[in-house]
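The values are calculated or read from the model by the stated rules, or taken from the named source; none is laboratory data. Computed from a predicted model, the values in this text were never measured in an experiment. Every residue, glycine among them, receives a Cβ derived from its backbone with ideal geometry; neighbour counts consider all protein chains shown.
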Amino acid sequence: MAAIGSGKTVSSTYAPVRGWLLLPTWLTIGIFMLMPLGVMLVYSFLTKEFRGGVLWEFSFAAYDQFIFDRGLFGDEAPSIEWTYITIFFRSLVHALIATFFCLLIGFPTAYYIATRPTGSRYLWVYLITIPYWVNLLIRTVSMKFLIRDNGPINQALLNMGVIDAPIHLINTNVAVQLGLFYSYLPFMVLPIYAAVERYNISLSEAGADLYAGRWTILRTILLPVVKPGIIAGCILVFVPSLGAFLAPDLLGGAKTFMIGSLIEEQFKGTASNWPFGAAASMILLSIILAVLMLYARSQARGQV
């Protein structure tokens, strides 16, 4: 660190008060993140009251319900509860597909924006972020209006003679994917844009001078440099897509039920099973954290 006045470095000068300087951050994290997670963890080990309340009796019943089926009255031999496991894997598949398509469209979009002149570059970033000025619920309802059987898209295609009958998209997996893609595409574009903006374009020019083709430059020069932005974008799209419930609820149907919808139903629907909803949330959170920790560990090993 650069020396200052008394000869002390900046880090050593502020060392005695470093804890106090970080206090607002730790309070914010503790109150608004750790405390809600702690409440959710406690509720996941409570017992559901028959009429919908919560009994302060600690048990593993909620986790057991997620994995095993013990019959209507809980007195049968346990068998694997494939319903909830299927919902979870469906959510995983939807999140992976949404991440793939966001990357497929987001990478060239981010590269195009980052290679524009500075003035127009800011305009493109502005256009990318405009949808986030509107609430996600309103944007999802608007998507439902656009793709419904008698919506503007089908009507335009019918008027142009491209199709003979409306394309049915509502309550399908395609509709859910459209909702996820539309909702989280900027989360992919912006991190990649930031990475490409810092990329030294002369590296590509040097590769071209050495007779490397466009795909070779992309694969061996550009992608390794902007890899952190790509990974950040994939994480920012995958995690919220995995727990999404607005797109499945409004654009999908019973066959597109996802884990986020399942959790929401336990707290707001007729099920009123808070321990099970909390347990499902903790299972989802644990899997996401495990994946992120494995990735962080592999990155740390790669840097050694």
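Data for the structure
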{"read-out": "Entirely in segment 76-176, the helices (runs of 4 or more DSSP H) that have 1 or more residues that are closer than 29 Å to Ile288 by Cβ and either in contact (Cβ under 8 Å) with a residue 24 or more places away in the chain or under 22 Å from the mean Cα position of the chain (by Cα) (or both)", "value": "82-114, 118-129, 136-147"}
{"read-out": "Residue within segment 271-290 that is within 21 Å of the chain's Cα centre (by Cα), exposed (fewer than 14 other Cβ atoms within 10 Å of the Cβ) and farther than 20 Å from Leu41 by Cα present", "value": "no"}
{"read-out": "Condition broken by Tyr193, with the remaining ones in (1) at pLDDT 90 or above; (2) farther than 20 Å from Pro248 by Cβ; (3) surrounded by fewer than 20 Cβ atoms within 10 Å (Cβ to Cβ); (4) among the aromatic types (Phe, Trp, Tyr) satisfied", "value": "(3)"}
{"read-out": "Residue count, segment 204-238 (criterion: in contact (Cβ under 8 Å) with a residue 12 or more places away in the chain, surrounded by 13 or more Cβ atoms within 10 Å (Cβ to Cβ) and more than 30 Å from Leu284 (Cα to Cα))", "value": "6"}
{"read-out": "When residues of segment 65-75 are limited to those that are without any contact (Cβ under 8 Å) to a residue 24 or more places away in the chain and at negative phi, the one nearest to the chain's Cα centre (by Cα)", "value": "Ile67"}
{"read-out": "Residue in segment 158-165 that is β-branched (Val, Ile, Thr) and either within 30 Å of Leu222 (Cβ to Cβ) or surrounded by 17 or more Cβ atoms within 10 Å (Cβ to Cβ) (or both) present", "value": "no"}
{"read-out": "Options Ala232, Ala244; residue that is touching a Pro at 6+ places or on another chain (Cβ under 9 Å) and among the hydrophobic types (A, V, I, L, M, F, W, C)", "value": "Ala232"}
{"read-out": "Restricting segment 109-134 to residues that are among the aromatic types (Phe, Trp, Tyr) and within 14 Å of Tyr184 (Cα to Cα), the residue that is surrounded by the most Cβ atoms within 10 Å (Cβ to Cβ)", "value": "Tyr132"}
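Residue-by-condition table, conditions (1) charged (D, E, K, R); (2) under 15 Å from Ala278 (Cβ atoms); (3) in contact with an Asp or Glu (Cβ under 7 Å, 6 or more places away or on another chain); (4) at pLDDT below 90:
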site: Leu23; (1), (2), (3), (4): no, no, no, yes
site: Pro36; (1), (2), (3), (4): no, yes, no, no
site: Met40; (1), (2), (3), (4): no, yes, no, no
site: Lys48; (1), (2), (3), (4): yes, yes, no, yes
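Listed here are the residues, each with its yes/no results for (1) closer than 30 Å to Asn273 by Cβ; (2) in contact with a strand residue (DSSP E or B) (Cβ under 9 Å, 6 or more places away or on another chain).
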site	(1), (2)
Phe68	yes, yes
Leu92	yes, no
Ile105	no, no
Ile113	no, no
Leu123	no, no
Ile128	no, no
Ala156	no, no
Pro166	no, no
Asn171	yes, no
